Amino acid sequence: MEIYEQLTAQGDKVRSLKTAKADKADVDAAIQLLLKLKVDYKEVTGQDYKAGCPPSGTAVSNDRQSENGGEEDTVDPWNVATNSAKGVDYDKLIVRFGSSKIDQELVDRIEKVSGQKAHRFLRRGIFFSHRDMNQVLDAYEKQKSFYLYTGRGPSSQAMHVGHLIPFVFTKWLQDVFDIPLVIQLTDDEKYLWKDLSLEDCHRFAEENAKDIIACGFDVNKTFIFSDLDYMGSSPEFYRNVVKVQKHVTFNQVKGIFGFSDSDCIGKISFPAIQAAPAFSSSFPQIFKGRKDVQCLIPCAIDQDPYFRMTRDVAPRIGYPKPALLHSTFFPALQGAQTKMSASDANSSIFLTDTPKQIKNKVNKHAFSGGKDTIEEHREQGGNPDIDVAFMYLTFFMEDDEQLEKIRQDYTSGALLTGELKKMLIETLQPMITAHQENRKNVTDEMVKQFMTPRPLNFNF
């Protein structure tokens, strides 16, 4: 009944906006909300909405139920949750977000254009969705270069292994295409959303920059910036923020991000700040004032709402739309129902963890797809699709054949859960130890060098 009343009110609003010949963007946003409410209404009642016909209260639809009886997946920039042990249904998410699947044809084309074997994240569907990647490759083949943009919200001093995924892949893209990269540290966002001081957010940004630099980025190709620093020192960046702000209405950001009347005005205006790095003119020191260099954004799919908004605004302010590559989520140790979170120490393997902590966390907390007893497991086999140790190996084990053998052995029961966890521990320990060694070598002077606005070694 509540949705029915909201629908009636929203229908009246759409009619009044059309009658008043309101701005097209406002009308479109109101219609989008109306359509969303109609979908919600049908999912709850099993009936199509009809004006003047309240719900009977008898029919209840199961359309919203997933195969295991759970609600539809929740995916937005702040929340990721599903009731399926296999994790988020990414095929449904592609349909919901209106993006395109990264199919084998596109993976083959990236290999052909780059001249390199596809990264394991592409081969295994970890980066699974895109917007306009073929357009980027078309231009690159005609000697028109592009640049990369990714980011990190510095909410804590220590990053976890899940945070490395976009940076590991972005470094590969930078290396194979030989292009510049900008990395935005949204310390302003974390101040607006979290119970943290401005000073702590800025300090976390600098600490996180050390972990990012430790991934091996080239200082001659990479600019890392804190919003709190760069916004005040770059008139061109701020001008692009203002242009985006002018072209997005309050109704639109409420529809896209779910903001309410009680959210602070900083949150409402923030999406424009995350949009601005997608335009090359925001970095005159790199692109010499050019406005036409296309941007490619590798990110987790929960960030897509920001860039749907950016892509909508771009042509209206005279810029090319950014292209995107979307990754799946890195699951929490307790299972793929949610992503790994830095705020829960037991759900995460941190980049600061010792080999002993890694071993204990995996053995104690990693959700198993195995059976209750060894006898049952040997007879029936395990389920790698819900086993967190196997999921993590798909991210970090390079050898495709070895990974497939592990899958088959676990499924047949030849490989036990404890043995699978041991393989993961032996993969993670040296990787994280190596990262810690690299981070120790990152000095404050190096951080300053990466974070100083300057020309990069590229000719555009």
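One table, with the values for the structure above:
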item: Kirkwood Rh, angstrom, region 261-393 [1 / mean 1/r, Cα pairs]; result: 18.6 Å
item: For the chain: rounded, prolate or oblate by the Cα gyration tensor [a/c cutoff 1.5]; result: oblate
item: Full-extension gain in nm, MET446 to VAL14, via 0.36 nm per residue minus C-alpha separation; result: 150.1 nm
item: Accessible area expressed per residue, the chain, with surrounding protein chains retained (probe 1.4 Å, Å²); result: 47 Å²
item: Rounded if a/c under 1.5, otherwise prolate or oblate - region 62-207, Cα gyration tensor axes; result: oblate
item: Distance between modelled label sites at ASP372 and GLU401, nm, 7 Å Cα→Cβ extension; result: 4.0 nm
item: Rounded to the nearest 10 Å², the accessible area of ARG120 at probe 1.4 Å; result: 40 Å²
item: Under 19 Å between alpha carbons - lysine pairs in region 129-223 that sit 8 or more apart or on different chains; result: 5
item: Accessible surface of region 135-251 [probe 1.4 Å, protein heavy atoms]: carbon and sulfur percent; result: 47 percent
item: Estimated FRET transfer efficiency when R0 is 51 angstrom, pair ASN220-THR249 (beta carbons, to 0.05); result: 0.80
item: Per-peptide average of other Cβ atoms within 10 Å, ordering 153-164, 445-456 highest first; result: 153-164, 445-456
item: Percent of C-alpha pairs per 5 Å bin, region 162-287, short to long; result: 2, 10, 18, 19, 20, 17, 10, 4, 1, 0
item: Relative contact order %, the chain, counting alpha carbon pairs below 8 Å whose residues are six or more apart; result: 16 percent
item: Test item: Cα-centred dipole of the chain, Lys/Arg +1 and Asp/Glu -1 on Cβ, debye; result: 1340 debye
item: Equivalent-ellipsoid semi-axes of region 380-460, from the Cα gyration tensor, Å, largest first; result: 40, 16, 9
item: Shape of region 249-338, Cα gyration tensor, a/c cut at 1.5; result: oblate
item: Cα centroid of region 363-387 to Cα centroid of region 14-44, whole Å; result: 48 Å
item: Cleavage-rule hits, trypsin sites (Lys or Arg not before Pro), region 1-61, DSSP coil, Cβ neighbours within 10 Å at most 11; result: LYS21, LYS50
item: Partner lysines for LYS50 [C-alpha distance under 18 Å; skip if fewer than 8 residues away on the same chain]; result: LYS13, LYS36, LYS38, LYS42
item: Cross-link reach list, aspartates and glutamates versus LYS359, counting only Cα pairs under 14 Å and skipping chain neighbours closer than eight places; result: GLU419, GLU426
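The values are calculated or read from the model by the stated rules, or taken from the named source; none is laboratory data. Quick caveat, the model's predicted, so the values are computed rather than measured. Backbone-built Cβ (ideal geometry, glycine too); neighbour counts: all protein chains shown. Just so you know, the surface numbers come from the protein's heavy atoms only, side chains and all, with ligands and any DNA or RNA stripped out. Shrake-Rupley method; radii C 1.70, N 1.55, O 1.52, S 1.80 Å.
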